[in-house]
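Engineer: The structure under discussion is supplied below as structure tokens; questions concerning it will follow.
Nothing in this text is a laboratory measurement; each read-out follows from the coordinates by a stated rule. None of these values were measured; they are calculated from a predicted model. We place every Cβ from the backbone using ideal geometry, glycine too, and count neighbours over all the protein chains shown.
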Amino acid sequence: MFLLRWLILLLKPLVNNFPRVAAIYRGMRDQLDSMEEPQPTPWGFKLAGNSAMAQGQFEPMETELVRRLLKDVDIMVNVGANVGYYCCHALSLGKPVIAFEPMERNLRYLCKNVKANDWDGVEIFPLALSNYIGVLEIYGGNTGASVVKGGAGTPESYKTLVPCSTMDVVLNTRLQEKRALILVDVEGAEKWMLEGASIMLDSNKMPIWIIEIASKELQPQGIKINPNFKSTFEMFFDRGYQAFDLEQKMRPIVLEDIEKVYKDEVGFSSNNFLFCKPQ
């Protein structure tokens, strides 16, 4: 296993520029993945696919908040579930989960982690969510993969085609009477995903949303500020939601804060935000 890991690290810098090397790299990485066993975590469940997550070093503040919020909801929806880190937290607390994850490697780990803990109560959709039904191009691979062409310096040749649908089509009104916590980590596709989620956005229950929205990161070369940053927030403000900055001790965010990002061309200090009904 040591030799395999060493070869993978050796090949990784060549992946973006040499397609044949990329194919060999992915094959070796998949072989290593199949050998990896889920590890015990500080919360009592097992997790494979990310050592920082398994060791309790991943997003500690957000993790604590999510676990606290889960106690007061009926269900969690995880859009961009990755290897299932937050899904595992919800399932370990007895909450049902609906997960969306389009990337094959992440999906394998997600399924492995659910199986390792012998959980039921989870629905996994191998889909990206957007504002249409069809096929979506995703640039990069696995964690950090994005629909933003050229985002974060990812070569345009490094792309994957994945199926996509909308939250409105997949879930329709089935969660209308549920208290839901919705986690969204879609690496730059937030606005398009939300455009396909009007039923949940307009729900009288007003779900709690935690969304990663980058103001500067993931932008193609030459683009200083995310052009969808303001309009993404407006989709919540226009519906009466309040916004809070998770990385600044839950500081309330108003539209003027967002507009200042464009005026000063200085990225927002945080990427993780919570949207909920007025308190």
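Engineer: Leaving out same-chain residues fewer than 8 places away, which aspartates and glutamates sit with a Cα under 15 Å from that of Lys159?
Structural biologist: Hits, sequence-local ones excluded: Glu104, Glu137, Glu187.
Engineer: OK, next. Stokes-Einstein D for the stretch 77-141 at 20 °C, 1.002 mPa s, Kirkwood Rh over Cα pairs, in µm²/s?
Structural biologist: Using the Kirkwood radius from Cα pairs, D works out to 176 µm²/s.
Engineer: With each label point set 7 Å from Cα along the Cα-Cβ vector, what nm distance links Tyr132 and Asp238?
Structural biologist: 2.0
Engineer: In addition: Would you mind getting the Kirkwood hydrodynamic radius of the stretch 221-265 from its Cα pairs, rounded to one decimal in Å?
Structural biologist: The answer is 11.5 Å.
Engineer: Next up: Using a 10 Å cut-off around each Cβ, can you sort Ser198, Ser130 from fewest to most neighbouring Cβ atoms?
Structural biologist: Fewest-to-most ranking of Ser198, Ser130: Ser198, Ser130.
Engineer: Treat the count of other C-beta atoms within 10 Å as a stand-in for reagent exposure and order Thr160, Thr173, Thr63, Thr166 from fewest to most.
Structural biologist: Thr173, Thr160, Thr63, Thr166
Engineer: Along the principal axes of its C-alpha atoms, what lengths does the stretch 40-276 span, in descending order and rounded to whole Å?
Structural biologist: Result, largest extent first: 50, 42, 35 Å.
Engineer: Could you line up Met200, Met235 from fewest to most neighbouring Cβ atoms inside 10 Å?
Structural biologist: With the sparsest Cβ surroundings first, the list reads Met235, Met200.
Engineer: Sort out for me the Cα centre separation of the stretch 173-243 from the stretch 73-119, rounded to whole Å.
Structural biologist: Their Cα centres are 20 Å away from one another.
Engineer: Sticking with this one: Just to verify a number: FRET efficiency for Asp74 and Met250, C-beta to C-beta distance, R0 = 22 Å, to 0.05?
Structural biologist: Once rounded, the FRET efficiency stands at 0.45.
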